[in-house]
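Trainee: What follows is a structure written as structure tokens; I'll ask about it next.
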Amino acid sequence: VFKPGLPFEFLVVTETPDNQPVDAKVSIEVTYINEDFGEIDTDRDDIRTKDGIATFEADPPKKAVALSIVANAEGKYVEQMIQSSYSPSGNFIHVEQTSDGVPQVGEDIEFRIHSTDEARTYYYEVVARDRIVFSSYTRDEKFSFETTPLMAPGAKLLVYQVLPNSEVAADYLPFSVKGVYPHDVHVGFSTEE
């Protein structure tokens, strides 16, 4: 699903019939549909895949309830219809990682929150190994925290806000952390005479 009024990024994959990645020019057409099944708007763009992949970001209008994505490359095409997420009040949040790459344990990782409503208090929790390993809150759209060994090799960031009508708007994002193993371990054999 997508969240109306917030950026929606999707992955474009080009590959041969035997699943080998291939670089290609892909024409993308995204049509936004309202609740009466009428077309609101259409975005068109050409992208190039590298090693068989590329990303494309769409900006669905707030009144969109569905979108149609059509991708054309070298005479072949694929179409996907995606419905919008539902919120009684029409408020959504979307979280994205803004720091580059995969941090090592002890390094900071940065995120940004997009919201269709005015910024309030955002609560966030890091879940790894089936438990909450870190939690905090922020009033800013950008925030960061230091990664810990419990977050390696991967964790999920859950961000949510409680709206005045008691509705909860939430999003989550998996992220990776490189483990650091500072212990110097030696293995050997000894023979007794």
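The values are calculated or read from the model by the stated rules, or taken from the named source; none is laboratory data. If you're wondering where the values come from, they're calculated on a predicted model, not measured in any experiment. Backbone-built Cβ (ideal geometry, glycine too); neighbour counts: all protein chains shown. For the accessible areas, the whole protein counts, side chains as well, though only heavy atoms, and no ligand, DNA or RNA atoms are used. Shrake-Rupley method; radii C 1.70, N 1.55, O 1.52, S 1.80 Å.
Trainee: With a/c under 1.5 counting as rounded, go ahead and sort region 31-138 into rounded, prolate or oblate using the C-alpha gyration tensor (a ≥ b ≥ c being the square roots of the eigenvalues; past the cut-off, prolate if a/b is larger than b/c, else oblate).
Mentor: oblate
Trainee: By DSSP, what percent of the beta bridges with both residues in the chain are antiparallel, rounded to the nearest 5?
Mentor: 95
Trainee: For D117, what is the net charge nearby, where nearby means another residue's Cβ is under 14 Å from its Cβ and Lys, Arg count +1, Asp, Glu -1?
Mentor: 0
Trainee: Please work out the average accessible area per residue across region 1-143, using the 1.4 Å probe convention, and give it in Å².
Mentor: Here the per-residue accessible area is 63 Å².
Trainee: Under the 0.36 nm per residue contour assumption, what length would be gained going from the current alpha-carbon distance of Q83 and I132 to full extension?
Mentor: Between Q83 and I132, full extension yields an extra 14.6 nm.
Trainee: Same structure, new question: Ratio to report: Rg/Rh of region 124-193, with Cα atoms as the point set and Rh obtained by the Kirkwood method; give two decimals.
Mentor: The Rg/Rh ratio comes out at 1.30.
Trainee: Tally up the carbon and sulfur contribution to the accessible surface of the chain as a whole percent, 1.4 Å probe, everything protein left in place.
Mentor: That share works out to 47 percent.
Trainee: Moving to a separate point now. Please give the charge dipole size of the chain, origin at the Cα centre, charges +1 on K and R Cβ atoms and -1 on D and E Cβ atoms. Round to the nearest 20 debye.
Mentor: Here the size comes out at about 420 debye.
Trainee: I'd like the distance separating the alpha-carbon centroids of region 8-54 and region 160-193, in whole Å.
Mentor: Region 8-54 and region 160-193 have Cα centres spaced 33 Å from each other.
Trainee: What does the net charge come to around S89 if you take all other residues with beta carbon closer than 15 Å to its beta carbon, with K and R at +1 and D and E at -1?
Mentor: Neighbourhood net charge equals +1.
Trainee: Around T147, what is the net charge, scoring Lys/Arg as +1 and Asp/Glu as -1 over all other residues with Cβ under 10 Å from its Cβ?
Mentor: For residues surrounding T147, the net value is -2.
Trainee: If you project the alpha carbons of the chain onto their three principal axes, what span does each projection cover, largest first, in Å?
Mentor: 86, 51, 23
Trainee: Where the eigenvalues come from the Cα gyration tensor of region 1-85, what are the semi-axes √(5λ) of the equivalent ellipsoid, largest first, in whole Å?
Mentor: 26, 12, 11
Trainee: Over region 87-143, how many percent of alpha carbon pairs lie in each 10 Å bin up to the one with the longest distance?
Mentor: Result, from short to long distances: 19, 46, 30, 6, 0 percent.
Trainee: Also, I was wondering about something else. Only Cα pairs within less than 10 Å get springs; with that Gaussian network setup on the chain, which residue of D171, D117, D45 has the largest fluctuation?
Mentor: D45
Trainee: For a 18 Å ceiling on Cα separation, which of these pairs sit above it: K3/K63; K62/K156; K25/K62; K3/K62?
Mentor: The answer is K62/K156; K25/K62.
Trainee: Which whole-number percent gives the relative contact order of the chain, counting Cα pairs below 8 Å spaced six or more residues apart?
Mentor: It rounds to 17 percent for the chain.
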